[in-house]
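Taking it in order: structure first as structure tokens, then the write-up.
The values are calculated or read from the model by the stated rules, or taken from the named source; none is laboratory data. All of these numbers come straight from a predicted model, not from anything done at the bench. Reconstructed Cβ throughout: ideal geometry from the backbone, glycine too, with neighbour counts over all protein chains shown. We work out accessible area using only protein heavy atoms, side chains counted, and drop any ligands, DNA or RNA first. Shrake-Rupley method; radii C 1.70, N 1.55, O 1.52, S 1.80 Å.
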Amino acid sequence: AKVREESVQAVKTAGLDKSGEWEAMSTAMEGFNSERLAFSGTSNSTGANITLSLIAGPDIMTRATLTPKMVGPGPVLALALGGLQKNKTVKTLDLCDSLGGDAVALVLGNQVLAGNRTMRSLNIAGSYFSHNGLKAIRGCLYGNKKLLELPFPEADSEAMIALYQRCWGEQENQVLQYKATIKRAFKSTKGRRTPFVLQTLDQEVEKIKVAKTNGARLRGTIQKYGKMHDEIQEAIARNQRDAKNIMTADKENQKWCKQQWKSASKAVNTVDKLRAEKAAKLAGKEAELWKKRSDARQLWISRCTKLKKSKKETEWLELWMKTHTVEGKGLVMTGQAGEGLLRSVPASLADDVKAEVKATKELVKFEQDIEAEQQLISSKIEEQKLFVAGLQASPNWRPPPAGENHAAALSKPILSNVAAPPVGLLQGPVFGMTEPGEGNRPAGSGENNPVIESNVVVGTVIQ
């Protein structure tokens, strides 16, 4: 916040805030749509001013001209770069020869790289960050694992270390000068500790303390500067190793996914084949099923009439017929209804209804065979679906991208319901057809064309 305030004040002092371009650029940077952003700085032939530009490819984003004596490029550039903290597209930021100094370093470390996880490459050569600026960069790299390139600015390092060493040397020279002053004072009095000598001694000793303290700080600064550079390079190397490991893991996972896509696609194709087989087998037996239902129905209707004529007990049969008669359709005969009828036949009439019982038992068995066959195929279908669901539930599973060989197969809606069916569905009747019309045939069908399209409820209600 302090750096930003100083940057704004520096821009105002330089008179660059009239258009507000660089302040507005900070906001524009949030949605800036380009992978590379570069800095350009040029000076005229007399060196009286410097033109700063932020460039993306061939398009110049914004530009400002300033006099170096008024304000350096750092505060201006820092204002513009602040918006990159929320940018999602810029992967390369080139600040080569920007002379940005710590104003830019602190914005990069405390704002941009602290919040941005898109940027992969940063060039700070020619920015001349001090150890304080490098400390901000290093601090953000504790959390930022995505920055992979930050070339070591050798020229900057040599210049900054040379500057620190020169200042350190100046402090050591001053210590020598202060000691020489003390020596001259003693020599002028031939070693006597006069008030003048004592005063000079006190003054120069204090100066020596200050100079040595400054020298120690400069030595520490050189050490910190080198340490920050080393730690930054270590952090970048760590990020590169992590990225390589992630890339290797992604390749292995991609290989695994391709194998699983192949297996899942094969299972999906098997489901299609099983469904086709299921429908074909049911269609092939529909005609025979309708005939058996119709024959059994006619036999029982005829038997009821005969039993009445012979004045034998028919209440059990009439009750059953009433229960299974549908208005407008007549008596409906199914295997399930037949099982109930067989259980209600009185023992005294067993000899009278032998033919009817035999026909009904054949119908019940025929339907049970169809049911068992359909359930077997349904269980195979569910098995394949659960196999695919197991693959998709793996934490390493990734759906195949569009255009991949198995993408079409694995996008089919048959995989939307892969849960095991409720127990109640398996316990109840699992095979049935639409209630037939009069005579157990659909209306409009002829004697020689008994097959109809029917809504089939099979096994685990997959269709």
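How big is the Rg/Rh ratio for region 95-178, C-alpha atoms only, Rh by Kirkwood, two decimals?
Here the Rg-to-Rh quotient is 1.12.
The protection proxy used here, the mean number of other Cβ atoms lying within 10 Å of each residue, ranks peptides 203-211, 86-94 as follows, highest first: 86-94, 203-211.
On a per residue basis, the convex hull of the C-alpha atoms belonging to region 266-371 measures out at 114 Å³.
Our compactness index for region 132-207, the C-alpha radius of gyration over the empirical 2.2 N^0.38 Å, is 2.02. Pairwise Cα distances in region 88-134 exceed 18 Å in 24 percent of cases.
Hydrodynamic analysis of region 322-402 uses the Kirkwood radius over alpha carbon pairs. Inserted into Stokes-Einstein at 25 °C and 0.890 mPa s, it gives a translational diffusion coefficient of 146 µm²/s.
With 20 Å as the cut-off, how large is the P(r) tail for region 111-269, expressed as percent of Cα-Cα pairs? So the portion of pairs separated by more than 20 Å is 68 percent. Solvent-accessible area per residue in region 193-344 equals 60 Å², computed with a 1.4 angstrom probe and all protein chains kept. Cα centroid separation, region 161-199 to region 263-303: 112 Å.
Within the straight-line cut-off of under 17 Å between alpha carbons, the lysines reachable from K306 are K354, sequence neighbours fewer than 8 places apart in one chain being disregarded. Extents of region 242-324, largest first, come to 94, 25, 12 Å (Cα atoms, principal axes, whole angstrom).
The Cβ shell under 15 Å around W168 holds other residues with a net charge of +3, Lys and Arg each +1, Asp and Glu each -1.
About its Cα centre, the dipole of region 312-391 is roughly 80 debye, where the only charges are +1 on Lys and Arg Cβ and -1 on Asp and Glu Cβ. Taking a straight Cα-Cα cut-off under 22 Å and skipping sequence neighbours fewer than 8 places away in the same chain, the lysines within cross-link reach of K146 are K86, K88, K91, K135, K227, K244, K251.
For region 174-221, the fraction of alpha-carbon pairs lying more than 13 Å apart is 55 percent, rounded to a whole number.
Positive contributions from Lys and Arg (+1) and negative ones from Asp and Glu (-1), summed over other residues with Cβ under 13 Å from the Cβ of L307, come out at 0.
A Förster distance of 41 Å, applied to the separation of the beta-carbon atoms of Q240 and A408, puts the FRET efficiency at 0.60.
Computed packing ranks the peptides 385-397, 133-145, 246-258 as 133-145, 385-397, 246-258, most packed first, by mean other Cβ atoms within 10 Å.
Between the alpha-carbon centres of region 363-379 and region 126-154 there is a gap of 73 Å.
For region 224-354, with only Lys/Arg (+1) and Asp/Glu (-1) charged at the beta-carbon, what is the dipole magnitude about the Cα centre, in debye rounded to 20?
Magnitude of the dipole: close to 440 debye.
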